[in-house]
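Each value in this text was obtained by applying a stated rule to the coordinates, not by laboratory testing. Source: prediction; values computed, not measured. Here the Cβ positions follow ideal geometry from the backbone for every residue, glycine too, while neighbour counts run over all protein chains shown.
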Amino acid sequence: WCLGARPQGPAALAEPVNALERVEDAGGAWRGFIDAALAGAYRDLFGRLDWLAVLTAPDFATVRAWRREQEAKLQARLAAEGRRGGLDPAALERFLDHYQRLTAWCAADLPARADFAARLDARRRPAAG
């Protein structure tokens, strides 16, 4: 989901992007921790990549919709096996909120740096233009 991500820097982290950041990371500690990790160990790891391909969703609302589809398929499979599991809708939205900032940043930053980049439409097909 975030392979190849670079740090954004303190100025880009100043304002929260959603309620989760506004309420639970008001001081930006979590945002700063992630940015520092991207500047350190993850930079070293991503520097080992020989090639980077990026597929970009139209927007974060589409990312949310796709992840909801994935969760529904998981829950259907588990139900067919007589099991329960997965995330309830509120837990899924909370999970996604943790990745909103980094997903938007990757969508803006990675395509120009990738060896291959394609923008997808809402049906997961390559978008024109």
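Along the three principal axes, how long is the range 69-129 when you take its alpha carbons, biggest first, rounded to the nearest angstrom?
Result, largest extent first: 45, 24, 18 Å.
If you keep only loop residues by DSSP, which chymotrypsin sites (Phe, Trp or Tyr not before Pro) in the range 14-68 have at most 12 other Cβ atoms within 10 Å of their Cβ?
Passing both the DSSP loop test and the Cβ count: W51.
Over the alpha-carbon set of the range 58-99, work out the extent along each principal axis and list the three values in angstrom, largest first.
34, 18, 12
Putting +1 on Lys and Arg Cβ atoms and -1 on Asp and Glu Cβ atoms, find which of A118, C106, A72 reaches farthest to the positive end of the dipole of the chain.
A72
Kirkwood hydrodynamic radius of the range 22-93 from all distinct Cα pairs, in Å? Don't skip to the end; give the middle numbers.
Details: mean 1/r = 0.0633 Å⁻¹.
Over the range 22-93, the inverse of the mean reciprocal pair distance is 15.8 Å.
Using only alpha carbons, build the gyration tensor for the chain and give me the equivalent ellipsoid semi-axes, biggest first, whole Å.
Equivalent ellipsoid semi-axes, largest first: 26, 21, 15 Å.
Between K73 and D88, what length comes free when the chain is fully extended (0.36 nm per residue of separation minus the Cα-Cα distance, one decimal in nm)? Write out the running numbers ahead of the final one.
On the way: separation 15, 0.36 × 15 = 5.40 nm, distance 1.30 nm.
4.1 nm is the gain from fully extending K73 to D88.
Sequence-distant or interchain residues sharing an amide H contact under 5 Å with R119, placed H: which?
For R119, whose amide H was placed from the backbone, the distant partners under 5 Å are T56, A127.
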